[in-house]
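Novice: Attaching a single structure in structure tokens format; questions to follow.
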Amino acid sequence: MTDIALSGADYSGIHGDIVALLDHGRRAAARSVNALMTATYWEIGRRIVEFSQGGEGRAAYGQALLERLSGDLTARFGRGFGVDNLELMRLFYQTYPPAAISESLIRKSTPAGHPGNSESAIRNFDLDQLATTFQLSWTHYIHLMRRTRSIEERTFYEAEALRGGWSVRQLDRQISSQFHTR
């Protein structure tokens, strides 16, 4: 075994670099997980809406569908799949429609000057690709859906939250102060 003499400054430097690397990696992993879960919730909302609207008779069973799904998903996956959350997932899909999502994905994946088929394109993307569209946390999107009154206002706050790295609390404060009107 060889004794390696490290000066305090040498060790402090490498230790600090490794701590920064681990912190960065963990934050990136958390952002990735958040984006994938948010994309999953959007996709769940899409499937609920499409099933419920698959026919006039099915639309009447929407609440029963949510209650049954809630029970079955909670039994399988645990918390987070109550009727209220499933309703939020449905609202999320309706608030962020496929045309807007696929347009964003097509812009990211299609070379400039090549047109894309926006409405049907969403089915050609997997969750990883869909996740690139949702850069805020699920909680951010819930607050945006509940607290904003128009598409323009929601789009403004979404962009500002991304640009400024706002927490949900900061987003709420900005919405309450009507930042978008100033």
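The values are calculated or read from the model by the stated rules, or taken from the named source; none is laboratory data. Quantities reported herein were computed from a predicted structural model and do not represent experimental measurements. Using ideal geometry, Cβ is built from the backbone for each residue, glycine included, and neighbour counts are taken over all protein chains shown. Side chains included, ligands, DNA and RNA excluded: accessible areas come from the protein's heavy atoms. Shrake-Rupley method; radii C 1.70, N 1.55, O 1.52, S 1.80 Å.
Novice: Would you be able to tell me the number of residues in the stretch 70-87 that are assigned to a helix (DSSP H, G or I) and aromatic (Phe, Trp, Tyr)?
Specialist: 1
Novice: Determine, yes or no, whether residue 159 is modelled with pLDDT of 90 or more, surrounded by fewer than 11 Cβ atoms within 10 Å (Cβ to Cβ) and aliphatic (A, V, I, L, M).
Specialist: yes
Novice: Still on this structure: Any idea which residue in the stretch 142-151 is least open to solvent (accessible area, probe 1.4 Å), counting only those that are assigned to a helix (DSSP H, G or I) and touching a residue at least 12 places away in the same chain (Cβ under 8 Å)?
Specialist: Ranking the candidates gives 144 first.
Novice: What single numbered condition from (1) open to solvent by less than 40 Å² (accessible area, probe 1.4 Å); (2) at pLDDT 95 or above fails to hold for residue 169?
Specialist: Unmet condition: (1).
Novice: Check whether at least one residue in the stretch 124-138 is among the hydroxyl-bearing types (Ser, Thr, Tyr) and part of a helix (DSSP H, G or I), and report yes or no.
Specialist: no
Novice: Only one residue in 90, 47, 27, 58 is basic (Lys, Arg), at pLDDT 90 or above, in a helix (DSSP H, G or I) and farther than 25 Å from residue 168 by Cα. Which one?
Specialist: Checking each option against the conditions leaves just 47.
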